[in-house]
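Peer 1: Below is a structure I'd like to ask you about.
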Amino acid sequence: MAGELNEDLFRITKLGASHPPEPAHCLAVQALHVHYGAICALADVSFSIGCGHCVGLLGQNGAGKSTLLKSIAGLHTQISGSLTWRGQPLSAVRREIAYLPQNDQVDPYFPLTVRGLVEMGRYPHLGERGRWRALDTDVVDTAIETLKLGDLQGRRLYQLSGGQLQRAHIARALAQEAHVLLLDEPFAGLDEPSQRMLGEVLRELAANGRLLMVCHHDLKAVPDLFDTVLLLNRRLVGFGPVTEAFTPEALRNAFDAPPEDVHV
Ligand code: ATP
């Protein structure tokens, strides 16, 4: 599948939806603080990462992983700090960033087909008159092909498995021509073949120049899925390439004690 996927992603590249990893394409978060009323969910988080990476966001329940994704997605208002992508405030580059919530936060009974969901990715590109163009159909077709959703495109979302629903949301992000994909626990509840397929999709997307930030709980799978890890415990307690930052000490800081079943 990897070869076919590459070919499809190359076609999207030709349509302008992807790009080779580019040093100037950098997500920079500086001194981020996020509060929910009196609750401090994130304190003084700073990091920067270029495109072409698949980053695993790790930490115990309540560590602030979803809060970080939602802050980058612009879904939080009570935040302070600086967040930029390609040197611009995130509010100026919204359509380059796609947020994929946890499956259980998506209303499966929303009356939408897979194709309808993917077409929604084009809405930010339609301009003031909202005219649908042949190019929009091409981009939607390519995104659907890329995620191997051709046979499922007429199905309602509630008729999909968890893995198929994740792929449909990723196809929407590709149709949006998003360069930064924020995924909240996309592997939760997937069986092994679906996890493998999704892992391959994410790696290919990163290899083709996108930046993926992925909340994740299964520590054993980390070295297979991600090239970079970001460990949170309300503060940033570790960040860097998996080979350097995914260490027992970092896990102790993130989880208070290293999980016994993890060998790094
Ligand atoms: P999990 O692994 O359980 O999904 P997480 O690392 O994603 O956790 P967050 O959901 O970001 O953690 O939550 C961080 C902190 O903020 C927690 O203490 C949580 O209770 C709190 N929190 C999250 N959302 C809200 C909200 N809408 N209102 C109030 N507090 C919230």
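The values are calculated or read from the model by the stated rules, or taken from the named source; none is laboratory data. Given the structure is predicted, the values throughout are model-derived calculations rather than measurements. Cβ atoms come from the backbone with ideal geometry, glycine included; neighbour counts cover every protein chain shown. Heads up: the accessible areas ignore ligands, DNA and RNA and are worked out on the full protein's heavy atoms, side chains in. Shrake-Rupley method; radii C 1.70, N 1.55, O 1.52, S 1.80 Å.
Peer 1: Could you tell me which of the residues Asp218, Asp151 is more than 16 Å from the ligand (Cβ to nearest atom) and open to solvent by 50 Å² or more (accessible area, probe 1.4 Å)?
Peer 2: That would be Asp151, the only listed residue that is more than 16 Å from the ligand (Cβ to nearest atom) and open to solvent by 50 Å² or more (accessible area, probe 1.4 Å).
Peer 1: In the stretch 116-131, which residue that is open to solvent by less than 50 Å² (accessible area, probe 1.4 Å) and within 13 Å of Leu174 (Cα to Cα) is farthest from the chain's Cα centre (by Cα)? Don't jump to the end; show me each part of the working.
Peer 2: Step one: filter the stretch 116-131 for residues open to solvent by less than 50 Å² (accessible area, probe 1.4 Å), giving 116-118, 121-122, 125-126, 130.
Filter once more, keeping what is within 13 Å of Leu174 (Cα to Cα): 117-118, 121-122, 125.
Values: Leu117: 17, Val118: 16, Gly121: 15, Arg122: 18, His125: 20 Å.
The selected residue is His125.
Peer 1: Criterion first (open to solvent by 20 Å² or more (accessible area, probe 1.4 Å), of a type in the set (Val, Ile, Thr) and touching a helix residue (DSSP H, G or I) at 6+ places or on another chain (Cβ under 7 Å)) does Ile97 satisfy it?
Peer 2: No: the conditions fail for Ile97.
Peer 1: Could you check the stretch 45-73 and list, in sequence order, the residues that are in a strand (DSSP E or B) and within 15 Å of the ligand (Cβ to nearest atom)? Outline the logic, then answer.
Peer 2: If we filter the stretch 45-73 for residues that are in a strand (DSSP E or B), which is where we start, we get 45-50, 54-58.
Residues satisfying the conditions are Val45, Val55, Gly56, Leu57, Leu58.
Peer 1: I need a count of the residues in the stretch 82-107 that are part of a strand (DSSP E or B) and either over 20 Å from Phe47 (Cα atoms) or in contact with a His (Cβ under 6 Å, 6 or more places away or on another chain) (or both).
Peer 2: Going through the stretch 82-107 one residue at a time, the tally reaches 1.
Peer 1: To continue, here is another question. Quick one: Glu185 ticks every box in (1) within 26 Å of Ala28 (Cβ to Cβ); (2) open to solvent by less than 40 Å² (accessible area, probe 1.4 Å) except a single one, so which number is it?
Peer 2: (2)
Peer 1: Scan the stretch 188-211 for residues that are open to solvent by 20 Å² or more (accessible area, probe 1.4 Å), part of a helix (DSSP H, G or I) and of a type outside the set (Lys, Arg) and jot them down.
Peer 2: Glu192, Pro193, Ser194, Gln195, Met197, Glu200, Glu204, Ala207, listed by residue number.
Peer 1: Out of Gly87, Gly64, Gly81, I need the residue that is open to solvent by less than 40 Å² (accessible area, probe 1.4 Å) and closer than 15 Å to Val29 by Cβ. Which one?
Peer 2: None of the other options fit; the residue is Gly64.
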